Every structure is written in C-alpha cells, then in structure tokens.
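What follows is a short report on a single structure.
Readers should treat all values here as calculations from the given coordinates under stated rules, not as data from a laboratory. Treat the numbers as computed from the prediction; the structure is a model and nothing was measured.
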C-alpha cells in the first residue's frame, strides 16, 4: 500500500525536474548570447561550467525531506 503523501511528493519532484530542465535550456540559450567573439567564448565557457555542475542532479535531485512544526512547508534536501 502506497503512502498517502506519495502523489504530492511525486508531483513536487516532477516539478523540480522540470525546473532543472528549464535551467539547462536557459544556459544553452545564454551560451549563444555573446555580442563579440571574445564575449561569446567567455559566456560559452561559463555556461558549459554551469551545465557541468547540474550533471549530478541526474543521479537524484532530492533524497530527503525534513518536516518541522515551526515551518509550514517541508524542507527538501538534495543536490540542488
């Protein structure tokens, strides 16, 4: 029998992965935004580095949740 919170948790994670995809797409677009050859290369290098930092999220974006009586919303623990 599934836990009653499972559908809401899955929806949260689905949304988090959608946001991650949007972040990656924005970095790809930014990499093409240089006005000059030098600025283009600098932006592309920066975007490539940032994309590399997001690779670990593919191994699991969130791996835990902390519920607190003081906070209205749970705190998700993860790589991003």
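What the Cα atoms of the chain give is an Rg and a Dmax of 17.3, 59 Å. Compared with the dominant Cα axis of the chain, that is its longest principal axis, helix 6-30 is turned about 10°.
Specify the angular offset, from 0 to 90 degrees and rounded to the nearest 10, of the alpha carbon long axis of helix 37-53 from the longest principal axis of the alpha carbons in the chain. With rounding to tens, the tilt is 20 degrees.
The helix-only estimate of mean residue ellipticity at 222 nm for the chain, built from DSSP H runs of length n ≥ 4 each weighted as -39500 (n - 2.57), is -18000 deg cm²/dmol after division by the residue total.
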